[in-house]
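Laboratory data are not the source of any read-out in this text; all were calculated from the coordinates shown. As the structure is a computational prediction, the values presented were derived from the model and not from experiment. Using ideal geometry, Cβ is built from the backbone for each residue, glycine included, and neighbour counts are taken over all protein chains shown.
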Amino acid sequence: MSANLSAFFYLVSGILFILALRGLSSPETSRQGNYFGIAGMTISIIITFLSVGNFGEGFIYVLIFLLIGGTIGAVIAFKIPMTAMPELVAGFHSLVGLAAVFVAISAFLKPEAFNLGVIGNIRLASLIEMSLGAAIGAITFSGSIIAFLKLRGIMSGAPITFKGQHILNLILGLTIIFLIYYLCVSQSANIFWTIVLISFIVGVLLIIPIGGADMPVVISMLNSYSGWAAAGIGFTLENTALIITGALVGSSGAILSYIMCKGMNRSFFNVILGGWGATDQTTTSAAKEQKPVKNGNADDAAFLMKNASSVIIVPGYGMAVAQAQHALREMVDVLKKNGVKVSYAIHPVAGRMPGHMNVLLAEANVPYDEVFELEEINNDFANCDVAYVIGANDVTNPVAKSDPQSPIYGMPVLDVEKSKSVLFVKRSLSPGYAGIDNDLFYRDNTLMLFADAKKMTEEIVKSL
Amino acid sequence: MEIDPFIFRLSIFILSIFVGYYVVWSVTPSLHTPLMSVTNAISSVIIVGAIIAALAGASDTIFETSNIFGFLAILLAAVNIFGGFLVTQRMLQMYKKKKNK
C-alpha cells in the first residue's frame, strides 16, 4: 500500500475520532459517536497491517496478542461496577502510558524499521520526539498507577508530602530536559534508559501529594498527558491519526482539568502542589462542636418530603461510597407518585471524576433530563421545599460565600441553605475533605440524618 | 526552499488542538465520564506504532527485543481499545430520557 494512500486513511480515522467526541454533545448522538470511534480505530489497524505488508508468522502473533488483550479489556468492561469507574479510567490511562513507552523503546532499539535512521545515528527530530513521548508516557504510567491505588483505597487518599518535594520535582524535571539534550548529542542507549527511569519516578512524586477529593483534577490531567504522549509518538512515526488523536485527547484532558479547578476555585498549580487543608486545618473545631444541631430520623424526613411540592437532591461522593443511587431512585419514585416534583443538582466536582454522579444516576435509571448542573439549578433552591443532601459536604458549604478567611472562599457552591428545609444525610458531624466545618449543619432549617446514605434512604422509602 | 514535512505535521497537530478545544467545550457535563473513557480508547490508536514495532524486520528474527516491546504494547493497547469502547458503550446505554406518557 502506498504511503500516500495510507496517510489519507489515517486522516479519515482522525476525522472519525473528532466525530466521536462531537457526538458526546448530547446523550442522543453519543452512541452513534462511539461507533464512529470504533470505525476510526478499525480503519487505523487495518491500514497499518496493509502498509506493513508482513503477513507471515509475525502477523499471527499480532492477532493473538490483539485477541488476548481485547478479551481482557472486554471482560473488564462488562464486569466493572459503575462506582469503580474512576479507578478503571486511571488504570486504563496507565496502559496507554506504558504502551507509549514500549513503542518509543522499540523505535529507539530499531530505528530503521520506522525510517528514523540507524542505531547510533537517529535523526535529531525523531530522537527528541521519541524521548519526549517516552518521558510523558512514563509519567502517565506511574502517575496513573498511584491515582489508581488511591482511588481503589489500596493506598491512603491522604496527601503524602515531605520537605523539599517541589524542589526535588523541579530538579528531576530539569534533569530530564538536560538528558534529552545530552541524548541528542551522544545517542547513548544508557541515557535513554535513564530518561525513562527518572520519568517513572517523577510520575509517582507528582501524584502522591494530591489528596483524594482532588482526584477529578488528577484523572483529567493524566488523561491529558496520555494524549500528549500519543502525539509525541505520532510525530516519531509520522502518523496523522496518532497526531490528531493525541492533540484531541490532550486538549480534552486539559479542558476537564480546567473545569474541575474552576469548580473548586483553585488554580491548577495549587491543586498539583497538593496537600489542601493539610497545613491550615481549623483549630477552633472544639469550640464549634458545642453548637446545637437538629437531629432527625427517617420518619421526620419522609414526612417533610411527602408534604413538599418540590425536592432537590444533592448527591456527592458519599452516595457513590454507600452505593445509594438505586435506593435513592426508589425514594424519588415514591415521591413522584405523591405528586412531588424532584430534580437533581450536581456540582462540577462532586465525586472522584468529572461526570461521576451523572453516570451513577444514569445507572440507577434516573432520566438525564431530571439532572441539572450547578448553574442551571442554583436559583431553584430558593423556591424549593426540601433539599436532600446525600453524601455531599463541602460543595454545599455557605461559608464559601460569606467568609473570606475560609480556604474554600470563592468556590462555587450549591445554594442549598436557601430551600425551606435541608435534610443532610451524613454519618457524623466530621468536616469534609477541605477540613472545615460546614455551617449548614447548624442552620435552623437543617435536619441532620446521621446514618449511612443507603440505609437512611431505604428507611425513608419504608416510612413513605 | 522546500518546507520540511515536520512543519506540515506540526500544522495538523496545532489545528487539531483547536478542533479538540471547541469540540470538548461542546460536550455536555453529564457526559464527562464517557468523554474520559472514549478519549482513553481513541488514544490507544498508539497500537499503530505497536504493530509496526512488532512486525519490523524479517520474520525469522521476529523475537528480537524491539519486537517483544512491540508485542507487549499491542497487548496493552488492545486491553484499552476493547475495554475503553465497550465500557463507554455500556455507560451511554444507561443515559435515558424521561418517558413521555
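Details
- Meets criteria (at the interface with another protein chain (Cβ under 7 Å from one of its Cβ atoms) and either basic (Lys, Arg) or farther than 30 Å from A:LEU374 by Cα (or both)) for B:ALA73: yes
- Wholly enclosed helices (runs of 4 or more DSSP H) of segment A:282-399 bearing at least 2 residues surrounded by 23 or more Cβ atoms within 10 Å (Cβ to Cβ) and free of Cβ contacts under 8 Å to residues at least 24 places away in the same chain: A:356-363
- Scanning segment A:405-414 for any residue that is more than 21 Å from A:MET319 (Cα to Cα), within 14 Å of chain B (Cβ to nearest Cβ) and surrounded by fewer than 22 Cβ atoms within 10 Å (Cβ to Cβ) turns up nothing.
- Selection status of A:LEU132, surrounded by fewer than 22 Cβ atoms within 10 Å (Cβ to Cβ) and over 19 Å from B:ASN67 (Cβ atoms): no
- Taken over segment A:70-95, the residue count meeting the criterion of being farther than 15 Å from B:ALA78 by Cα and more than 8 Å from chain B (Cβ to nearest Cβ) is 7.
- Hits in segment A:99-110 (condition: surrounded by fewer than 23 Cβ atoms within 10 Å (Cβ to Cβ) and either part of a helix (DSSP H, G or I) or touching a residue at least 40 places away in the same chain (Cβ under 8 Å) (or both)): A:LEU109
- Among residues of segment A:23-37, those that are in a helix (DSSP H, G or I), facing chain B (nearest Cβ under 7 Å) and buried (at least 19 other Cβ atoms within 10 Å of the Cβ), counted: 4
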